[in-house]
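The values are calculated or read from the model by the stated rules, or taken from the named source; none is laboratory data. Note that the coordinates shown come from a computational prediction; the quantities given were computed from them, not determined experimentally. Here the Cβ positions follow ideal geometry from the backbone for every residue, glycine too, while neighbour counts run over all protein chains shown. Note: accessible area is taken over every heavy atom of the protein model, side chains too, but ligands, DNA and RNA are not part of it. Shrake-Rupley method; radii C 1.70, N 1.55, O 1.52, S 1.80 Å.
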Amino acid sequence: MRIAMIGTGYVGLVSGACFSQFGIDVVCVDKDKQKIKSLKAGGIPIYEPGLDKLVEDNRSAGRLTFTTDLPAAVAAADAVFIAVGTPTRRGDGHADLSYVYGAASEIADALGRYTVIVNKSTVPVGTGREVCRIVRERRPDAEFDVVSNPEFLREGAAIEDFMKPDRVVIGVESDRAREVMRSIYRPLYLIETPMVFTTLETAELIKYAGNTFLATKITFINEMADLCEKVGADVHDVARGIGLDGRIGRKFLHPGPGYGGSCFPKDTLALAYTAREAGSPVTIVEQVIQVNTERKKRMAQRVIEACGGSVAGKTIGVLGLSFKPNTDDMRDAPSLDILPALVAAGARVQAYDPAAMHEAARVLKDIDYKDSAYDTAAGADCLLVLTEWNQFRALDPKRLKQLLRQPLVVDLRNVLNPAEMRSLGFTYECIGRPQPRHSA
Ligand SMILES: NC(=O)c1ccc[n+]([C@@H]2O[C@H](COP(=O)([O-])OP(=O)(O)OC[C@H]3O[C@@H](n4cnc5c(N)ncnc54)[C@H](O)[C@@H]3O)[C@@H](O)[C@H]2O)c1
């Protein structure tokens, strides 16, 4: 079995490395010459725990190679995976499918023997059929099938998610392609991973339905957190109290500054667009998008209010820039809304992230990047926690208090202990938890 992986980003590189770990020969293809050059030289372009070792082990075993030569990779492959980006299209929120269709055309021109073309990118309903049409039009002679195999890995836990997924979804409509997919995923059959075989359209929709459901769950708990603040309840206890109900589940009930990342924002928009076009709007998702967008914007104001109504001339120390811990991915991170708003309001912003400083520096200007969390606290009038990296949970509050100009912490991820912080004399603001009652 030989696989060509078209697109060597988060999904392509992790999937390619994991398939090679299954014992399959994988060639990862990318247009980005610099990325391929670096991968060939042993570099890893993204931060993902465990990925460096996995890539190196399989590269040195000769099962994982890298190239910019798409035609050669496709011609030798039994299955070609499309794992290119599907960002939001400018203007209307739909997914930009130009990379997918571009890859489909290039694949078509290079097809040799029977090949299964597998769409791993997150794509709106109907894209698989369109890929099929493009390939058929360019190569009426070619023997191929198109399959939809959406990816559910989470950045930060991507390898574990790929190797031990909750399920694998495969939209496939021919027995021949189904056998190829079964053989690729054989190691997961052995550990009894549920395999959901569907049509192309259903597989495509499952991916969007999953992501928008999770985005809705986050938005729900964020609004509950706001309500908790108004009525004096504790959102952590509410989350636990409802999450222990097996029908609800405990995951994705952590309040924060609003969801971000490379998937939820664009996938909610794309599903809303698809649904409107189909004449069956998903108004709940449209509401989720609006609530989340406003929430991210509101967070800067929350910091300004915590600083007494103005941050002009004040220094804000920011802990965490990536959209979640264990990744350097900055796409649609809440920091991209909050930090520029603070700078625009006159604040000096100094920041630290354990992995995303390099990525952040490309998109967030006018920030003083520091070498550690403590350096970031030094001289700040307010310490703002934006990403729940584990190392921030272990910070020594006494040391923070000595370093800060004012003992003020706005913790938008609830990583610190409110009772401890307040007993040490901090003004400590977090999300959805009761403020201490002051006796009259
Ligand atoms: N990042 C995630 O956590 C995640 C999880 C599940 C699904 N997805 C989906 O997977 C897809 C890929 O996401 P990503 O985060 O890996 O994207 P990415 O932007 O990190 O990587 C895409 C790569 O494809 C390359 N590329 C584009 N066109 C090409 C072509 N014709 N030939 C060769 N290379 C080409 C780009 O140079 C880039 O390196 C998206 O549809 C995304 O929604 C992402």
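Return the long-range amide H neighbours of Phe197 (sequence gap of 5 or more, or a different chain), with a cut-off of under 5 Å between placed amide H atoms.
When sequence neighbours closer than 5 places are left aside, the close amide H contacts are Ile170.
Suppose the chain between Ser38 and Arg138 were pulled fully straight at 0.36 nm per residue; how much longer would it get relative to their current alpha carbon spacing? Mind showing how you got there, number by number?
On the way: separation 100, 0.36 × 100 = 36.00 nm, distance 3.31 nm.
Taking Ser38 through Arg138 to full extension adds about 32.7 nm, to one decimal.
Would you work out the charge dipole size for the stretch 296-337 about its Cα centre, treating the Cβ of every Lys and Arg as +1 and the Cβ of every Asp and Glu as -1, and quote it to the nearest 20 debye?
With only Lys, Arg, Asp and Glu charged at Cβ, the dipole is about 160 debye.
Could you tally the net charge around Ala157, taking each other residue with its Cβ under 11 Å from the Cβ of Ala157, Lys/Arg +1 and Asp/Glu -1? Could the numbers behind the result be given before it?
Details: positive: Arg154, Lys164, Lys324; negative: Glu48, Glu155, Glu160, Asp161.
Once all neighbours under 11 Å are counted, the net charge is -1.
Please report the spacing between the Cα centers of the stretch 1-80 and the stretch 359-404 in Å, no decimals.
What the calculation gives is 35 Å, centre to centre.
Hey, got the Cα dimensions of the chain along the principal axes, in Å, largest first?
Sorted from largest, the Cα extents of the chain read 82, 48, 43 Å.
Eight or more residues apart or on different chains, and alpha-carbon atoms under 23 Å: count the Lys pairs in the stretch 238-344 matching that.
Close lysine pairs found across the stretch 238-344: 10.
Assign unit charges at the C-beta atoms only (+1 for Lys and Arg, -1 for Asp and Glu), then state the dipole size of the chain relative to its Cα centre in Debye, rounded to the nearest 20.
In total the dipole reaches around 600 debye.
Shape call for the stretch 327-401 from the C-alpha gyration tensor, a ≥ b ≥ c root eigenvalues: rounded (a/c under 1.5), prolate (a/b greater than b/c) or oblate?
The shape class here is oblate.
Between beta-carbons, use under 14 Å as the cut-off and find the net charge around Asn292, counting Lys and Arg +1, Asp and Glu -1.
With Lys, Arg at +1 and Asp, Glu at -1, the net is -1.
Looking at the chain, identify the longest residue range that excludes and avoids all GluC sites (Glu not before Pro) in DSSP loops having at most 12 other Cβ atoms within 10 Å.
193-440
So what are the ³J(HN,Hα) numbers for the stretch 215-225, from phi and the Karplus equation (6.51, -1.76, 1.60; θ = phi - 60°), rounded to whole Hz, Gly and Pro as x?
Karplus values, whole Hz, x for Gly and Pro: 5, 5, 5, 4, 5, 4, 6, 5, 5, 4, 4.
Give me the net charge of Thr283's neighbourhood, meaning all other residues with Cβ under 15 Å from the Cβ of Thr283; Lys, Arg count +1, Asp, Glu -1.
Its environment carries a net charge of -1.
Taking only protein heavy atoms into account and a 1.4 Å probe, give the accessible area per residue of the chain in Å².
Working: 19480 Å² over 440 residues.
I get 44 Å² per residue for this part.
If I take every Cα pair under 8 Å that is 6 or more residues apart in the stretch 81-199, average their sequence separation and divide by the length, what percent do I get for the relative contact order?
21
Short version: ³J(HN,Hα) in whole Hz for each residue of the stretch 9-15, in order, from phi by Karplus 6.51 cos²θ - 1.76 cosθ + 1.60 (θ = phi - 60°), x for Gly and Pro, what are they?
x, 3, 6, x, 5, 5, 4
Find, among the trypsin sites (Lys or Arg not before Pro) in the stretch 249-295, those assigned to loop by DSSP (not H, G, I, E, B) with at most 13 other beta-carbon atoms within 10 angstrom.
Arg250, Lys251
Of all the accessible heavy-atom surface of the chain, with the other protein chains kept in place and a 1.4 Å probe, what percent is carbon and sulfur? Spell out each step's value before the answer.
Values: 10000 of 19480 Å².
Here carbon and sulfur together make up 51 percent of the probe-accessible area.
At 7 Å along Cα-to-Cβ for each site, give me the label-to-label distance between Glu192 and Asp57 in nm.
2.4
Picking from Ala77, Ser121, Ser174, whose Cα lies most toward the positive end of the charge dipole for the chain (charges on Cβ: Lys, Arg +1; Asp, Glu -1)?
Of Ala77, Ser121, Ser174, it is Ser121.
Scale the Cα Rg of the stretch 112-160 by the rule-of-thumb value 2.2 N^0.38 Å and send over the ratio, two decimals.
Taking N as the residue count of the stretch 112-160, the ratio is 1.41.
Only bridges with both residues in the chain count here: give the DSSP antiparallel percent, nearest 5.
Within the chain, antiparallel bridges account for around 5 percent of the total.
Quick check: Cα centre of the stretch 238-311 to Cα centre of the stretch 122-200, how many Å?
The stretch 238-311 and the stretch 122-200 have Cα centres separated by 29 Å.
List the residues whose amide H sits under 5 Å from the amide H of Leu384, counting only those 5 or more places along or on another chain, with H placed 1.01 Å from N in the peptide plane.
Result for Leu384 returns Gly317, Val318, Leu319, Val410.
In whole Hz, with x marking every Gly and Pro, tabulate ³J(HN,Hα) for the stretch 86-98 from phi via Karplus 6.51 cos²θ - 1.76 cosθ + 1.60, θ = phi - 60°.
10, x, 6, 6, 4, x, 10, x, 6, 6, 7, 9, 5
With springs only between Cα atoms under 10 Å, which of Ala215, Ala306, Ala351 fluctuates most in a Gaussian network model of the chain?
In the Gaussian network model the winner is Ala306.
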